[in-house]
Amino acid sequence: MIRTALDTECRVASFGAYMFKKNVITMSIGGHESQVQYAMERGIPAIIGVLATMKLPFPSGSFDMAHCSHCLIPWDTEDGMYMMEVDRVLRPGGYWILSGPPINWKNNYQEWQRSQLELEKEQRNIEDIAKLLCWEKKYEKGDIAIWRKRLNCSQQDTPPTAAAVCKSTHADHVWYKKMEKCVTPSPGPSRSWKPFPERLNAIPSSVSREYVEVYKEDSRLWKKHVNAYKRVNKIIDSGRYRNIMDMNAGLGSFAAALDSTKLWVMNVVPTISQKASLDVILERGLIGIYHDWCEAFSTYPRTYDLIHANGVFSLYKNVCSAEEMLLEMDRILRPEGAVILRDEENVLRKVQRIVRGMRWKTKMVDHEDGPLEQEKLLFAVKQYWVEGDTNITTT
């Protein structure tokens, strides 16, 4: 059952837009001619990035499908390293779809202005690397070829010259780590993921037995929190907010509680979090990414409609300044966009003073369990203004 997909060099994310209609959520990656800006304006999840030297900011086995259409990634170079990186983020049983060069080179070589020998060699190399990775070719017709990553790769399935196995004991520590010319082993026995939306609230296999109750309680708690949010901001799930970000996503329960075809949530797991929970989020059929909030997020300005942050300022209290984080939030939030912050009261008071200087309209609210709770909520709206204006309009 396909639910999550990765689209490399996504152009204007037409693949992701089409897959939304099929209840498949696609993480589009692009770095050429404002691809990501177009994608986000269309309401499609996207980040700025390229497949070059660094590992993608996702754990192993993240996606059900990976897609490349005329993406111009030299798959057959660097001893197959780029295909090995796709293999790392593809779950066992997942699919890789390649459209465009060199597929169907016999009919297209003149249009592509490349020699037949060059294209034939490129496709042969891709086929050989796929065999090294233990991928099974399922389909080729016209300009499209599809491979499937086997659920289990036995000795009989792999050629004698199989790719080397990565030796790292921390395969999912990918932040600022270089890609490797080796195959990342699956974290455990192959598993069958449930169809969506059942998968959203089922117990993920990546949650160990002793944490099952913690996971269930987290899901219950965030349903309660989201209901409280809706009492203050009554249009959260109305369709006004399409592109939503959760800056400290935890187990993804905020996004699960919001689940709606009118919106999607970019679940961000900070790299300094004690628990790297992104594998849980992705197994639930949501999308997400690792990120360090001391740095700029890989997107264009004004691309998100709503930003949610639970405890993120306390998390980064002694790491980087609240001012820098808030300026980055202001950069990626569109005018009239909303912010919901949940943190300790003293932290939020400081934040409130800063964002008033950024022309955000704010409202402090007690915790849903009452005013005696130390944790408070800060709701804000980024007001529309231009340089030189003395009047600020809101809607």
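Count of the stretch 205-222 residues, restricted to those that are within 21 Å of H308 (Cβ to Cβ) and either at pLDDT below 90 or under 22 Å from the mean Cα position of the chain (by Cα) (or both), is 4. Residue count for the stretch 191-247 under the criterion of being among the basic types (K, R) and more than 22 Å from V24 (Cα to Cα): the result is 8.
Within the stretch 132-157, the residues that satisfy the criterion of being at pLDDT below 90 and assigned to a loop (DSSP other than H, G, I, E, B) are L151, N152, C153, S154.
If P195 satisfies all but one of (1) surrounded by fewer than 18 Cβ atoms within 10 Å (Cβ to Cβ); (2) at pLDDT 95 or above; (3) within 23 Å of the chain's Cα centre (by Cα), what's the number of the condition it fails? That leaves (2) as the condition not met.
Pairs are defined by a Cβ separation below 6 Å, a sequence spacing of at least 6 or placement on different chains, a first member in the stretch 120-148 that is within 17 Å of Y109 (Cβ to Cβ) and assigned by TED's automatic domain parsing to the domain that holds Q110, and a second member that is buried (at least 19 other Cβ atoms within 10 Å of the Cβ) and of a type in the set (F, W, Y); the pairs so defined are I126/W75.
Within the stretch 76-93, being crowded, with 20+ Cβ neighbours inside 10 Å and charged (D, E, K, R) holds for E85, D87, R88, R91. Every condition in (1) closer than 21 Å to V265 by Cβ; (2) modelled with pLDDT of 95 or more holds for E368 except the one numbered (2). Applying a threshold of 7 Å to beta carbon distances and a minimum spacing of six or more residues, or different chains, the list of pairs starting in the stretch 95-109 at a residue that is over 14 Å from C68 (Cβ atoms) and ending at one that is part of a helix (DSSP H, G or I) and hydrophobic (A, V, I, L, M, F, W, C) reads W105/L119; Y109/L119.
Looking at A276, A309, A255, which one is under 18 Å from the mean Cα position of the chain (by Cα), in a strand (DSSP E or B) and among the small types (G, A, S)?
A309 is the lone residue from the list that is under 18 Å from the mean Cα position of the chain (by Cα), in a strand (DSSP E or B) and among the small types (G, A, S).
When Q374 is tested against (1) more than 20 Å from R242 (Cβ to Cβ); (2) surrounded by 14 or more Cβ atoms within 10 Å (Cβ to Cβ), only condition (2) is not met. Checked against (1) part of a helix (DSSP H, G or I); (2) out of contact with any helix residue (DSSP H, G or I) (no Cβ under 7 Å at 6 or more places or on another chain), G80 passes all but condition (2).
The values are calculated or read from the model by the stated rules, or taken from the named source; none is laboratory data. None of these values were measured; they are calculated from a predicted model. In this analysis, Cβ positions are derived from the backbone assuming ideal geometry, glycine residues included, and neighbour counts consider all displayed protein chains.
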